[in-house]
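Some notes on the structure that comes next.
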Amino acid sequence: MTKTFKISVLGDGGWGTGLAVVNARRKNDVLLWSAFPNYAEVLKEKRENIKFLPGIPLPPEIRITSDLSQAVAFADILILAIPAQYLRNILYKLKDLPVANKIFVSVAKGLEKKTCLRPSEIIQAILGKETRVVVVSGPSHAAEVARGIPTLVVAASSNENDAGLVQSAIADTYFRVYVQTDVLGVELGGVLKNVIAIAAGVSDGLGFGDNTKSGLISRGLLEMVRLGIRMGANPNTFYGLSGLGDLITTSFSPHGRNLLVGRELGKGRKLGEILQSMEMVAEGVHSAASVYALGQKYGLDLPIVREVYKMVLEDKDPKQAVLDLLNRPAYQELKQY
């Protein structure tokens, strides 16, 4: 008989809800926490996340609460499905609750704007270096995961036993989980691919074709690898699920929020107008400044990242950004690898 686990998912967005559905399907005891009491009541009444994951019924086994202390007391594994920009505030609330020895599973794909910290770094900075953290990432659109469409992700932790425990806790037939120890690379892959996906969306919005987009993604992957190597990540990680795998999905899927932002920018819409029309967070918008800053810090020229930064933060004309990229001197393909 498969062992079951008690799991609380903190965050009622699409990804948090999708993971709650996966865990219910796997027969785990699941509690979904919402930061908003009124919306928690909507979830209970409708048994559907009408705002962030419409059309997916919430299994009756999923319990719902807006009481954070209840969510912490309920589970041994806490899945943090909270965007990087809001994670710190939630962690400060957790700090005063009995969280010792619980495993924190971070599924956010972003960097904190002011600090450029990764989610795992924020968790351990606030809850302590001894906090058990596992990062889960990969090509995983919430709606597909919730519908049981086969999905592959990776769980990374410096503690292989903790990564293996999370693997056994959340994996099922249609949600396959691999493990590894390169936390830095897995987190960076999830962040960097969002920035490149905005560029891919701009290419679409400007009416370019497959040649352009494929070339852009190839060169974008190179920038991901170069920054990863400079920061100390394993370059092979970026050819895996959290790197190339997630980059492909985010750059081509109609579900991609960052791709959507880029497409609308390419069509001439202003960023503020685009974001105002979206319910969910496009992490690449927030991460563009942080990734650009990291490139500067490590002395790297990351042309695609730079142009995304200028389009998002400086309102640069997408057509001019493309021209500036194309008119750069060409060099050996892997010279700056």
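Any read-out appearing in this document is the output of simple, stated calculations on the displayed coordinates, not a laboratory observation. Source: prediction; values computed, not measured. Don't worry about glycine lacking a Cβ; one is built from the backbone with ideal geometry, like all the others, and counts go over all protein chains shown.
Structure values in brief
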| item | result |
| --- | --- |
| 0 to 90° range, to nearest 10: angle between helix 183-205 axis and the chain longest Cα axis | 50 degrees |
| Sites matching GluC sites (Glu not before Pro) across the range 242-337 that sit in DSSP coil, with at most 14 neighbouring C-beta atoms within 10 Å | E279, E314, E333 |
| Surrounding net charge for T65, when Lys and Arg each add one and Asp and Glu each subtract one, Cβ distance under 11 Å | -1 |
| Acute angle (nearest 10 degrees) that the helix 160-170 long axis makes with the longest principal axis of the chain, alpha-carbon atoms | 70 degrees |
| Footprinting exposure proxy for V186, V195, V225 (fewest neighbouring C-beta atoms within 10 Å first) | V225, V195, V186 |
| Farthest positive-ward along the range 6-181 dipole, Cα basis, beta-carbon charges - from V153, P139, V72 | P139 |
| CD proxy at 222 nm, helix term only [per DSSP H run n ≥ 4: -39500 (n - 2.57); per residue of the chain; nearest 500] | -15000 deg cm²/dmol |
| Distance between modelled label sites at K93 and M278, nm, 7 Å Cα→Cβ extension | 2.4 nm |
| Out-of-range pairs (alpha-carbon distance over 25 Å; input K113/K267; K297/K319; K114/K213; K51/K213; K27/K193; K267/K316) | K113/K267; K297/K319; K114/K213; K51/K213; K27/K193 |
| Computed E for F252/A293 - FRET, C-beta separation, R0 25 angstrom, nearest 0.05 | 0.35 |
| Rg ratio (alpha-carbon, reference 2.2 N^0.38 Å) - the range 6-181 | 0.95 |
| Sequence ranges 144-150, 5-11, 293-299, ranked by mean other-Cβ count within 10 angstrom, highest first | 5-11, 144-150, 293-299 |
| Angle between the chain longest axis and helix 257-266 axis [Cα atoms, degrees, rounded to 10] | 30 degrees |
